[in-house]
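Please read the structure below before turning to the comments.
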Amino acid sequence: MVFEEIVEGGLTRFAALFHSENPEIVGPIRSVRTSDFDLLRNLNQPLFANSGGNEAVLGLLKEIDFVDVSSNAAYDAYFRLDERPSPHNFVTNAVSLREVGSERGSGGTPPVLLQRESDDSNSVDPGSLVNGIDLDFGATQVSYRWNQGLSGWLRTQNGTPHVDAAGIAVAPEIVIVQTISYRRSAADGRSPEAVLVGSGEALFLFEGRVMEGSWERDSAQDLTQYLDRQGKTIQFPPGNTWIALTRVGQVQIIER
C-alpha cells in the first residue's frame, strides 16, 4: 500500500507500507514529516524506515509507538545507488529492516486496513466505467488511466509514465482518492500536515470503474473506514492499493 501526501511547494512524497513482501531495494528513503504520524498510529507498532528529520519533528515522533529502523538507528541497513544523484539514491532492503526490527522487538501484528471481497460479500454500487482520474497537487500533476491488459491504473507524473527501478510500469489495481485538509505542521511552519482524523469525500477506483463515497476515522488509533454512498463499508478486490491524500478540488474524473 502506498500513500501519496503533499509536502512543501506542492510536491508529494510516498509513504509505502509493506505487509508480506520483501523488496530487495526500497527507496528513495527520505526524512520524516509530521503527516506520517497518523499513518503510523493505527498500525500496531510498525517498523518505520526513514532518513531522520529536523529536531522538532524527531522530538514529536517520540510520542508514537513504533520500532525504529531509521538510518539513525540502523545505518548499516541502508546504502546508496551509484547511478542516482543524492538524495534520491538513499535506499534500503526490506529483509535487512525486518532483521533489525526483530532485534528491536519485531513490532505488533499488522491490522487489516481494507475489507476485501468474499463469496458472501454484500453487493454494493458497482460504480461507473471511466478512463481514469487526474490529480493536481500543485507542482505535481498525476494521472491514472485504466489499462485492461494490466488490470490496473497506469500512473503518470508530470506527463511521464511512472516505472519502478526495474522499468516496470506502476499500475495499481486499486486507487483511493481520499479528500482531506492540510494544516501547518507544528514542527515546521513551511510544511503542510495531513489531517487524517475526521471524515470527508472519497473516490474508489478498481476494475475500470469509479465509485463515489466517503471516509471516516474517529481517532488516530482507529482504522480509516471507506464507505459507499449508502454508508456501507467498501469491499475491495485483491491488489496493490495507492491512496492519494488530496485537497478539495484537486481531482478530476476522466469519463469514457
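Computed from the coordinates by the stated procedures, all read-outs in this text should not be read as laboratory data. Quick caveat: nothing in here was measured; it's all calculated off a predicted structure. Every residue, glycine as well, gets a Cβ built from its backbone with ideal geometry; the counts of neighbours run over all protein chains shown.
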| remark: In a Gaussian network model of the chain with springs linking alpha carbons closer than 10 Å, the residue among LEU81, LEU43, LEU58 that fluctuates most is LEU81
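Using only alpha carbons, build the gyration tensor for the stretch 20-103 and give me the equivalent ellipsoid semi-axes, biggest first, whole Å.
Each semi-axis is √(5λ); the values are 21, 16, 11 Å.
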| message | Counting only helical runs of four or more DSSP H residues, what would the 222 nm mean residue ellipticity of the chain come to if each run contributes -39,500 (n - 2.57) and the total is spread over all its residues? | response | -2000 deg cm²/dmol
| remark: Fewest to most Cβ atoms within 10 Å: TYR226, TYR144, TYR75 sort as TYR75, TYR226, TYR144
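Charges only on Cβ, +1 for Lys and Arg, -1 for Asp and Glu: so what's the dipole of the stretch 128-255 about the Cα centre, in debye to the nearest 20?
Details: 10 positive and 14 negative charges, 36 e Å.
For the stretch 128-255, the charge dipole is close to 180 debye.
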| field | Order of LYS62, LYS232 - criterion: other Cβ atoms within 10 Å of each residue's Cβ, fewest first | value | LYS62, LYS232
| message | Shape verdict for the stretch 128-255, please, from the Cα gyration tensor: rounded (a/c under 1.5), prolate (a/b greater than b/c) or oblate. | response | oblate
| request: For helix 94-103, report the angle its Cα long axis makes with the longest principal axis of the Cα atoms of the chain; keep it between 0 and 90° and round to the nearest 10°. | output: 60
| query | Hey, what's the Cα Rg ratio for the chain versus the globular rule of thumb, 2.2 N^0.38 Å? | reply | 1.00
| field | Fewest-first ranking of HIS88, HIS19, using other Cβ atoms within 10 Å as the exposure measure | value | HIS19, HIS88
